[in-house]
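K.L.:
Here it is, the structure, as structure tokens.
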Amino acid sequence: MNREQDKLENIWDELLSEQPETIREAYTSLDLPHQQAVLAHLQRMSSESGWQPEQRRSALAALKAIMNQDKKWT
């Protein structure tokens with residue numbers, strides 16, 4: 001693999017890590033067009049058939065973290 005492929009793989013590993021802070025950091029490191037592409041892909045992963053349950057769960061966790069829905073309000 002080349003550096004660009006490694007970087008891309010690392011970003012997706014972080015986005016699908018199911019760790020909210022890691023997900024948000026990876027997402028905010030992207031420029032707006034890439035953020036939009038990531039959101040669209042995560043939405044497809046979470047709603048379309050053909051994805052493994054683990055992939056779907058990770059995509060949903062990423063969407064939740066990105067949308068800040070996992071913050072607890074006191």
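K.L.:
Given Cα pairs under 8 Å that are at least 6 residues apart, what percent is the relative contact order of the chain?
P.N.:
On the way: 56 pairs, mean separation 25.3, N = 74.
The normalised contact order for the chain reaches 34 percent.
K.L.:
Under a Cβ-Cβ cut-off of 14 Å, what is the net charge of the residues other than Arg56 that fall near it, where Lys and Arg count +1 and Asp and Glu count -1? Walk me through the intermediate numbers first.
P.N.:
Values: positive: Arg44, Arg57, Lys64; negative: Glu18, Glu48, Glu54.
Neighbourhood net charge equals 0.
K.L.:
Stretched out fully, how many nm does the piece from Arg44 to Glu18 gain, at 0.36 nm a residue minus the Cα gap? Working shown, then result.
P.N.:
Values: separation 26, 0.36 × 26 = 9.36 nm, distance 1.70 nm.
Gain on extension, Arg44 to Glu18, equals 7.7 nm.
K.L.:
A further question follows. Pick out the long, greasy-scoring helices in the chain: whole DSSP H runs spanning 15 Å or more along their own axis by Cα, mean Kyte-Doolittle at least -0.5.
P.N.:
Working: long enough: 3-15 (18 Å, -1.67); 32-47 (22 Å, -0.22); 53-66 (20 Å, -0.21).
Long hydrophobic helices here: 32-47, 53-66.
K.L.:
So for the chain, Kirkwood radius off the Cα pairs, Stokes-Einstein at 20 °C and 1.002 mPa s: how many µm² s⁻¹? Let's see the in-between values first.
P.N.:
Values: Rh = 12.6 Å.
For the chosen part, D equals 169 µm²/s.
K.L.:
Points 7 angstrom from Cα along the Cβ direction at Ser29 and Gln55: gap in nanometres?
P.N.:
The answer from the label model is 2.3 nm.
Taken together, the values in this text are just the output of simple stated rules run on the coordinates, not laboratory data. Computed from a predicted structure; not experimentally measured. Methodologically, a virtual Cβ is constructed for each residue, glycine included, from the backbone with ideal geometry; neighbour enumeration extends over all protein chains shown.
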